[in-house]
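Data block below; observations after.
The values are calculated or read from the model by the stated rules, or taken from the named source; none is laboratory data. Because the structure is a prediction, the values reported are computed rather than measured. When we count neighbours, we look across all protein chains shown, and the Cβ atoms used for this are built from the backbone with ideal geometry, even at glycine. Protein only, heavy atoms only, side chains kept; ligands, DNA and RNA dropped before computing areas. Shrake-Rupley method; radii C 1.70, N 1.55, O 1.52, S 1.80 Å.
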Amino acid sequence: MPLPFVPLALRIGLAAVAGYGLARWATLRAGEGRRDQRAEDALDDLDEGFLLHRTASGASPEARQQNASLRLKRIIGFRGREWEIDAGLIARLRFRERRQ
C-alpha cells in the first residue's frame, strides 16, 4: 500500500514556513539589545539563594517597595558533558498612591 506523501509533505512545508515567518517577525520586533556593565556586576555580586525584603520602616508610605533577588549556580553533567548554569534575577515591585 503506497503512503500518501503529498499531504505529509504539505503539512511539514506549512509548519516550516510558519516557523520561519515567526522567527523572522520576532527578529524584526526585538531590536538591538544593550549590555549594562553595572547590571552585570550587580548580578555577579548576588548571593546564592532567594531573598525577599521590603524597604525600611522609616520610608514614606507613598514609596512602599518590595525587592527580590535570586541566584542559582549549578553544574549539571549529562552523557560525559558538563554545563555550568548561573542564573541571576533582581526584581522590584513598587506601589505608589496617586492622588488627584
Flag if LEU3 is farther than 30 Å from SER69 by Cβ, over 20 Å from the mean Cα position of the chain (by Cα) and not in a helix (DSSP H, G or I): yes
When residues of the stretch 52-77 are limited to those that are of a type in the set (D, E, K, R) and modelled with pLDDT under 85, the one most open to solvent (accessible area, probe 1.4 Å): ARG54
Of all residues in the stretch 6-37 being small (Gly, Ala, Ser) and within 18 Å of the chain's Cα centre (by Cα), the one that is modelled with the highest pLDDT: ALA23
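Matching residues to (1) aromatic (Phe, Trp, Tyr); (2) surrounded by 10 or more Cβ atoms within 10 Å (Cβ to Cβ); (3) without any contact (Cβ under 8 Å) to a residue 24 or more places away in the chain:
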residue: ALA9; (1), (2), (3): no, yes, yes
residue: GLY13; (1), (2), (3): no, yes, yes
residue: ARG24; (1), (2), (3): no, yes, yes
residue: LEU28; (1), (2), (3): no, no, yes
residue: GLN37; (1), (2), (3): no, no, yes
residue: LEU43; (1), (2), (3): no, yes, no
residue: PHE50; (1), (2), (3): yes, yes, yes
residue: ARG79; (1), (2), (3): no, no, yes
residue: TRP83; (1), (2), (3): yes, no, yes
Unmet requirement for PHE95, which otherwise passes all of (1) out of contact with any Lys or Arg (no Cβ under 6 Å at 6 or more places or on another chain); (2) open to solvent by 60 Å² or more (accessible area, probe 1.4 Å); (3) among the hydrophobic types (A, V, I, L, M, F, W, C); (4) modelled with pLDDT under 80: (1)
